Amino acid sequence: MKLTQIVVDGLPKTGDRYLRWCSQLPGFGVRVNRDGSKTFVVKYRVAGKQTKRSIGKVGSVRAEEARRRAIKAIAAASDGVNVLNERRAKAQEPDIAALAKKFTTDYIPYHVRSSTAADYKRSIEKFIIPGLGSIKVSELKRDRVAAFHQSFAKTPYQANRILGTLSVMLTQAEIWGMREEGLNPCLRVKRFKEKKRERYLTPEELGRIARALQLEAATAPITASAFWLLIFTGCRLGEIQKLKWADIRVDKNEIRFSSEDTKTGATIGMKTVHLNAPAIRVLNAIPRVSDNPYVIAGRRPGQYLTDFQKPWRRIRKSANLEDVRIHDLRHTYASFAASQNHSLHIVGKLLGHTQAQTTARYAHLSADPVKKANNDVGAELAALMGFDASISQDTTEYAVTDLHK
């Protein structure tokens, strides 16, 4: 009897498990289980060994589709190929979500800086897994990657960062044997052009940030202090985030960063940041945490604070300046230095530029004009934001909350 859908649906539940084979296609059948559920099966020989495999459950697969799959399996078996085993192996291959998990645990902690790690994790969790997570690693094609990248066209910078993260992941997938080597589908996907973003805070906007920092200090004084330091030093976020008390030279009003604290992490010697009066006052007001070497101490013992983006989103929302990034504080510091007619050499010195050619241009400058420029910038910023920059010999009088009175 030919196994049609009508015939299959009519097979009774007997309380026992039994098989019915199709009279027109040898090897194609249906198994009726004790509970009455039914499964299409196929039987064939590969290399002299008889194999029986399930094709799909009745209800999920129609009889005609099951028949087509059986014909394909039987035909492949005649050529020595066990197509159902191959399909099962394909089903067990890792998908992009599984690759992302392995990448997060086995690659990120050992091969990237903390700031890059945060960017990678954000791209993975917010965009890559939701958009591509269910696709098999071996089956991700360039056209799908291009379409995924294009879906973020309204945010070119973000789109390119996501694509970059995905590319690194897929390169690792090749190394881990999840894809054929040399077939990274991110290659030759054209990146969007990025307009260089120049955002400087105006005097009025600095006042709004100051008021927002006063509110932040009420619940998170250490976080507020970190942002005050970013404003008054022009440092990069990672430099203030990882600043240690041992880096501060009180006798010279300086911070001396080791090479690992610079933007690139390259071995380039030391970097000096000169401390102006408002920056010194902020530092004086930050309490030292026992057994923690970091100025901006985190919740975990001996660690620095890691999450600045969440409080910054809160601060800029309070100031109604939601387009301002943390790095724009550094741009603002530089813009005030330049607007006070300090030479570009001095501005570069203040910002601690570390490129070899830039550093060579500044080598003949003494620290005195740099210190003067630094104090000029700090004084103007403090005045605009209503910040009391006076320094007392008795540093114990400065509580963190005093900064925001």
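Just so it is clear, none of the values below were taken in a lab; they were calculated from the coordinates. Because the structure is predicted, anything quoted here is derived from the model rather than measured. Positions of Cβ are backbone-derived with ideal geometry, glycine not excepted, and every protein chain shown enters the neighbour counts.
Data table
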item	result
Residues Thr233, Thr104, sorted so that the one with the fewest Cβ neighbours within 10 Å comes first	Thr104, Thr233
Two-site label geometry, His111 and Ala98: point separation in nm, points 7 Å out along Cα→Cβ	1.9
Set of lysines near Lys43 by C-alpha distance (under 22 Å), chain-local residues within fewer than 8 positions excluded	Lys2, Lys52, Lys57, Lys72, Lys90
Loop sites in the stretch 289-356: trypsin sites (Lys or Arg not before Pro), DSSP, at most 13 other Cβ within 10 Å	Arg299
Length gained when the stretch Ala379-Glu125 is fully extended (0.36 nm per residue, less Cα-Cα span)	87.2 nm
Centroid-to-centroid separation of the stretch 1-33 and the stretch 140-198 [C-alpha atoms, Å]	49
Spin-label model distance (nm) - Ile6 vs His327, 7 Å beyond Cα toward Cβ	7.0
D_trans [Stokes-Einstein, Kirkwood Rh over alpha-carbon pairs] for the stretch 8-55, 37 °C, 0.692 mPa s, µm² s⁻¹	287
Per-pair calculated FRET efficiency, R0 = 30 Å: Arg211 and Thr306 via Cβ, rounded to 0.05	0.70
Under the Karplus curve 6.51 cos²θ - 1.76 cosθ + 1.60, θ = phi - 60°, whole-Hz ³J(HN,Hα) for the stretch 153-168, x wherever Gly or Pro sits	4, 6, 10, x, 4, 5, 4, 5, 5, 5, 4, x, 4, 4, 4, 5
